[in-house]
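Here the structure comes first, spelled out in structure tokens, and everything after it is commentary.
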Amino acid sequence: MKIVILGSGQVGSTVAENLVNEANDITIVDTDASKLHALQNRLDLQTLVGNASHPSVLRQAGLADADMLLAVTQSDEVNMVACKLAASLFNTPTRIARIRSADYLAHPEIFSNDNFCVDFSICPEQILTDYISKLIEFPEALQVLEFSHGKVSLVAVRAFKGGPLVGHELSQLRKHMPQIDTRVAAIFRQDSPIIPEGTTRIEAGDEVFFIADSKNIRQILKEIRRMDKPSKRIMIVGGGNIGRRLALTLEQNYQVKLIEYNKHACETLASELNNTLVLHGDGTDETLLESERVGDVDVFCALTNDDENNIMASLLAKKAGAHKVLALINRSAYVGLVQGGKIDIALSPAHVTIGSLLAYVRQGDVAAVHSLRRGAAEALELIAHGDRKSSQVVGRRLDEINLPKGATIGAIVRNGEVIMGHHDQMIEAEDHLIVFVINKKMISKIEKLFQVNVGFF
Amino acid sequence: MERMLTVIRALGLLLIVFSIAYLMPLVSALIYAETDILHNFMLAMAWTFCAGLLMWFFTRRNKGELTVRHGFLLVFGMWTAMPAFATLPLLLALPGLSFTNAYFETMSGLSTTGATVLTGLDALSPSINLWRHELNWLGGMGIIVLAVAVLPLLGVGGRQLFKAETPGPMKDSSLTPRITETARNLWLVYLVITLICIALLKLAGMNWLDAICHAFATMGLGGFSTHDASIGYFNSPLIEFILIVFMLLAGMNFATHFLAIRGKTLRVYRHDVEGLATLSLILTSCLGIAYFLWWQGTYPDYVTALRHASFNLVSVATDCGFSSVDFGQWPVFAPLWMLFLSCITASSGSTGGGIKMVRTLILFNQAGREFLKLLHPSAVNPMKIGGHVVANNIVFSVLGFIFLYFMTVVTLTFVLLISGLDFISAFTAIIACINNAGPGLNVVGPATNYAILSDFQTWICILAMLLGRLEIFTVLILFTPRFWQR
């Protein structure tokens, strides 16, 4: 596919990196030449320096014969204008814009084809905020990802000694919870994947991925590890876009303290937040953390722009006795370094948000994509079309589908109803299938599998 | 000096505007065929008009702009000159009346205090009564605001004058881009609600004169009555209920009413934090005081206690000052609580007086901030009222205001004590006057009136009313040396 990306910030460059690796033609536009230069040295793509909302720049970027426009600059307005121009001047088929301002998002009609022609709007900060607030809701989980508007969830959890199921075979799962249906999609033991079968044993320290109806998550978690007390006290360091949104989401149900370094930003935050205690200071200042009793905090989130600060603040908090610490880390090298050590959860914003973009780039009808384990694995929500003749999946039982090894169909959503992916389940047209893939290399095979033969149209 | 002439010119113009106010009692005198009174009013109108005209004529070339400083001077000048001219009809019609008492009566009218030195109100000429009540009504929304509304002649200085005359700490949020338009809208809302009130009171059984007079006194939160027994004369629960509703309306910010009418929605009231706080405080107080009176055996049953407690409490708390019974006879907690409420419950931008609810909220909030600061030294906690941030300089000005307010109350109470008044009378008289509420307790209670005070004491009360109406700063600033420095 030919894709034009506007903006080479964090989102733009991560998307570019992912898409280049998937054999797409990428042109990336930004006003900052040095950033582009660095990017071009690293990746096989074309770069262009210029204002992303100028028609001439867009033409030069080759938008006229591009399949997709990804407008992910810092400015909502530039992104919207670029989408409008792409539609009116170049007839670009798919236009995706990053829109952050809640004010714009409150009026979805302005994105219609008569107005700004934005096919899909994404807000990375919001995705990240949802992701973190899910983790706070389920403090036991490492990751909670939603499919089909939250009906089905994919949960990653580390097995602990003492969990009722730990040390047992997977087939015991049914006996433990006869009324609850779930599928274990994958187990990672010491970072290498194991394809789960009925006889696989769960061991302490395993990272277990299971797929289940969202309302059953809590009960299944109980089987794999002892439950924590529900979180109550949250401390956030960094009042940027993510910290602010998180505080807004959480402040009604939790006791939230927010530490921000910039005095002026503190005042804006305090005026916007009603139940959050906004503190002015440095998140790595141990006297401040101590006087705000970081030891009693249930979840400590370090969400500043600075990786090192986040890591240090999290380590300090953990040492002072914070129950669970979470750090936002942009550099993927650091993520692997700290995750699972003293820091309970290391979040890479790029990997959390890339999925929502990948969903649009994937061939076939993909409703959602979540990137897992720092991009190594992936979970997709695919929609099956056609009939037994034109499709390789519709009208077949799950065990008749020629899935590559390492891919599992975890669940099916049919007319809003969740059905677990057992081997004798029949697939119908328009079913949403939640597919877990332990290695990204298999994606193209799965895409092909779900493509409808030309005869269908 | 040149600027001073500009002030005199504006003062002249304002007096000319004010002289139009005599038209209403003139018409009434015609209707009631009171020839003497008619002559009195024509004379008074002529005097006021001529005085204004002369002032304007000799300074007509001084068309300089009014600065903030001269705005204060003009407002103060107008608020001392208006009552003086307004005494003319009273002095002419009531030969026994001293100028001191007449000035007290008109200042009480214009500052919407509603305290009176006159007895035998029932026998007073209808036109004189109408004049007293009209002063209540004009003073409520403010005569200068009215002038800003109808006359663009004040120009840019209009905004300063508007600010100096309207109560409340936050005056920069105008409803419309133009101050003239804002003033006009506020007066229009005021007029419309007054007309509705008149109609309802007429339907409830008052005669036209009483309905008009009491609607004026209610909307201005003045509290003058055409009867010595005040509202107790009618002994009608319906009338009391109507008056309660309109007193509460007048005690709310008129900007909210304006937004409600313009947007045709009641939702704006939900965002009026001040109004909600006032309503809930008054409601709890009514129920509580009624229970207290019932428990003390003042009234045999709860319903009667509730009726009298509600009316008199709302009346005093909103700074109106009607009374339906002699609440001075109640156990002293009840009337003192009512007077306490009168200090705080009126909203900014209403026609009531006192500290205003928004200042009370700001102070409470400030106390909470101090506590938080002790517990969390690095907390950033801006002052928020109704979800909106209040700048620190407003908080300081509120603190300054409260200090001046209490110092004024204490000082003036001491002055009255020196002059020989007993403590309760002195204290409640000052509280009632500075809040523009009306009746105090003891010798100045609802069953008696301020005529008992000596001339000196009367002037002290007049000063308290003026300070209360113009919210202290506007008056006291004239007595600071810096004001007169160039």
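The values are calculated or read from the model by the stated rules, or taken from the named source; none is laboratory data. Since the model is a prediction, treat every value here as computed from it, not as a measurement. Positions of Cβ are backbone-derived with ideal geometry, glycine not excepted, and every protein chain shown enters the neighbour counts.
Based on what the data block shows, is residue B:342 under 30 Å from residue B:228 (Cα atoms), assigned to a helix (DSSP H, G or I) and more than 14 Å from chain A (Cβ to nearest Cβ)?
Criteria met by residue B:342.
How many residues does the range B:287-311 hold that are touching a Pro at 6+ places or on another chain (Cβ under 8 Å) and not aromatic (Phe, Trp, Tyr)?
4
Suppose we filter the range A:163-190 for residues that are at positive phi and in contact (Cβ under 8 Å) with a residue 24 or more places away in the chain; how many remain?
1
Quick check: anything in the range A:252-260 in a strand (DSSP E or B), away from every other protein chain (no Cβ under 14 Å) and either surrounded by 24 or more Cβ atoms within 10 Å (Cβ to Cβ) or more than 25 Å from the chain's Cα centre (by Cα) (or both)?
Of the range A:252-260, the ones in a strand (DSSP E or B) are A:255-260.
Still in the running and away from every other protein chain (no Cβ under 14 Å): none.
The answer is no, given that none of the residues of the range A:252-260 is in a strand (DSSP E or B), away from every other protein chain (no Cβ under 14 Å) and either surrounded by 24 or more Cβ atoms within 10 Å (Cβ to Cβ) or more than 25 Å from the chain's Cα centre (by Cα) (or both).
Restricting attention to the range B:426-457, report how many residues are touching a Leu at 6+ places or on another chain (Cβ under 7 Å), more than 23 Å from residue B:250 (Cβ to Cβ) and of a type in the set (Gly, Ala, Ser).
Residues flagged as touching a Leu at 6+ places or on another chain (Cβ under 7 Å), more than 23 Å from residue B:250 (Cβ to Cβ) and of a type in the set (Gly, Ala, Ser) within the range B:426-457 amount to 2.
Residue B:342 passes all but one of (1) without any contact (Cβ under 8 Å) to a residue 60 or more places away in the chain; (2) within 14 Å of residue B:428 (Cβ to Cβ); (3) not hydrophobic (A, V, I, L, M, F, W, C); which number fails?
Here residue B:342 clears every test but (1).
Do we find a residue being within 21 Å of the chain's Cα centre (by Cα), surrounded by fewer than 18 Cβ atoms within 10 Å (Cβ to Cβ) and at pLDDT 90 or above anywhere in the range B:94-104?
no
Tell me, which residue of the range B:297-310 that is touching a Cys at 6+ places or on another chain (Cβ under 9 Å) and not hydroxyl-bearing (Ser, Thr, Tyr) is farthest from residue B:469 (Cα to Cα)?
Taking the candidates together, the pick is B:306.
Test each condition in (1) within 14 Å of chain B (Cβ to nearest Cβ); (2) within 15 Å of residue A:256 (Cα to Cα) for residue A:286 and report the one that comes out false.
Single failed check for residue A:286: (2).
Hey, among A:45, A:36, which residue is more than 22 Å from the chain's Cα centre (by Cα) and over 22 Å from residue A:94 (Cβ atoms)?
On inspection, the qualifying residue turns out to be A:36.
For residues in the range A:261-281 being without any contact (Cβ under 8 Å) to a residue 24 or more places away in the chain and assigned to a loop (DSSP other than H, G, I, E, B), which is nearest to the other protein chains (Cβ to nearest Cβ)?
First, pick out the residues of the range A:261-281 that are without any contact (Cβ under 8 Å) to a residue 24 or more places away in the chain: A:262-264, A:267-268, A:270-271, A:274, A:277, A:279-281.
Applying the additional criterion that residues be assigned to a loop (DSSP other than H, G, I, E, B) yields A:262, A:274, A:281.
On the way: A:262: 10, A:274: 7, A:281: 5 Å.
Result: A:281.
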